[in-house]
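Reading through the structure tokens given below for one structure.
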Amino acid sequence: MKLLRLIFLSLLVLGVQPAFAEDSLLSPETMNYIGYGTIIVALVAVIIALFLVLKAVKLITKAILGPEEAAAVAERKKAESSERWIKLLSLKPMSEEHTLILEGEYDGIQELDNPTPAWFMYLFYVTIAFGIGYLLIYHVFKTAPLQYDEYKNEVAIAAKEKAALLAKTGAAVDEKTVKLTTDAAVLTSGKSIFTTRCSPCHGMDGQGVIGPNLTDDFWLHGNKIGDIFKTIKYGINTMPSWEKLLSPKEISDVSNYVKSIHGTNPANPKAPQGVKVAD
């Protein structure tokens, strides 16, 4: 028993520890699997321990009462258990089986008129009552929403909560709502991000390297602020998507900075690409 107790405590500690480890290298899914596995192993260990305790009780009882008296007690318990099952299933004992035989037989086979168990009938009545209640609540009086209506309500609530959160964090801007601005703070932020993220392909001054020149009048995917935002956010062709690396506000700042460097005529500009668009 001490060994089982030690194993149980060890498994419990191993299962709970990852949940409280803030710097754990394991993913939340892995920690959940470890926790579930620990609980299952612990339950198996408890079941094994209960079987061992029951076995020990039987051995102690047999040692105290003696073999003959212990056998008599076991037989009595077996008979009581059989009677309980007979009552629960609404059956009659084998001695009264002849009273249940129906008339007629086929190839020497006869049928017993055993009644349906009471517990089964009670369960059947409960399901009927539940069905009537469900019909009245959801389809007649409509006091509660159906599954699809409940889904639509939850989606609407989630959309409102998302919109409120995005508005609160300033992340609600997208390619449809981004605004063109010349605010110095926005352009400074955009220039910092451009220098770090975009200059390897577009040059420090936007003159173009691998990517196109961003200062001339030629554009591959549109020159409006929304077009630039969309291109940076989702990426296109060889340009990667920055949606997961930059916040919507950062993409907006970079987009405004790209608009601000138009017509700056940097040194060594790359040849025009795309279609000429009037700004």
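What dipole magnitude, in Debye to the nearest 20, does the chain give about its Cα centre under +1 on Lys/Arg Cβ and -1 on Asp/Glu Cβ?
Charge dipole, the chain, about its Cα centre: 1180 debye, nearest 20.
Hand me the GluC sites (Glu not before Pro) from the stretch 61-147 located in a DSSP loop with no more than 12 other Cβ atoms within 10 Å, in residue order please.
Taking the stretch 61-147 and a limit of 12 other Cβ atoms within 10 Å, the loop GluC sites (Glu not before Pro) found are Glu103, Glu105, Glu111.
So for the stretch 184-279, taking the charge dipole from beta-carbon charges (+1 Lys/Arg, -1 Asp/Glu), which of Cys198, Pro240, Ala185 sits furthest toward the positive end?
Toward the positive end, the furthest listed residue is Pro240.
Tell me the trypsin sites (Lys or Arg not before Pro) within the stretch 196-251 that lie in a loop according to DSSP and have at most 12 other beta-carbon atoms within 10 Å.
Lys244
Filter Lys160/Lys191; Lys58/Lys87; Lys142/Lys176 down to the pairs with a C-alpha to C-alpha distance above 29 Å, please.
Result: Lys160/Lys191; Lys142/Lys176 exceed 29 Å.
Could you pull out which residues in the stretch 117-147 have an amide N less than 19 Å from a spot 7 Å beyond the Cα of Val155, following the Cα-Cβ vector?
The answer is 145-147.
Sequence gap at least 6, Cα distance under 8 Å: using those rules, report the relative contact order of the chain to the nearest whole percent.
13 percent
Using the Karplus curve 6.51 cos²θ - 1.76 cosθ + 1.60 with θ = phi - 60°, what ³J(HN,Hα) values do you get for each residue of the stretch 123-139, in whole Hz, with x for Gly and Pro?
5, 5, 5, 5, 5, 5, 4, 5, x, 5, x, 4, 4, 5, 5, 9, 10
What is the P(r) of the chain, as percent of Cα-Cα pairs per 10 Å bin from 0?
In order of increasing distance, the bins hold 5, 13, 11, 12, 14, 12, 9, 8, 8, 6, 1, 0 percent.
Anyone know which of Thr30, Thr231, Thr182 comes out most mobile in the 10 Å Cα GNM of the chain?
Thr30
Relative contact order of the stretch 184-276: what whole-number percent is it, with Cα pairs under 8 angstrom and at least 6 residues apart?
42 percent
As a footprinting exposure proxy, order Phe130, Phe194 by other Cβ within 10 Å, with the fewest listed first.
Going from sparsest to densest Cβ surroundings: Phe130, Phe194.
Counting Lys and Arg as +1 and Asp and Glu as -1, each charge on the Cβ, what is the dipole of the stretch 208-279 about the Cα centre in debye, to the nearest 20?
Around 120 debye, computed over the stretch 208-279.
If you consider only alpha-carbon coordinates, what radius of gyration and Dmax does the stretch 96-165 have, in Å?
Both quantities, over Cα of the stretch 96-165: 25.6, 78 Å.
List every residue whose amide H lies under 5 Å from the amide H of Met239, counting only residues 5 or more places away in sequence or on a different chain, with H placed 1.01 Å from N in the peptide plane.
When sequence neighbours closer than 5 places are left aside, there are no close amide H contacts.
What residues have an amide H closer than 5 Å to that of Gly211, excluding those fewer than 5 places away on the same chain, when H is modeled at 1.01 Å from N in the peptide plane?
Close amide H contacts, sequence-distant or interchain: His202.
Each value in this text was obtained by applying a stated rule to the coordinates, not by laboratory testing. Just so it is clear, the structure is predicted and the values come from calculations on it, not from any experiment. Note that each Cβ is placed from the backbone with ideal geometry, even for glycine, and that neighbours are counted across all protein chains shown.
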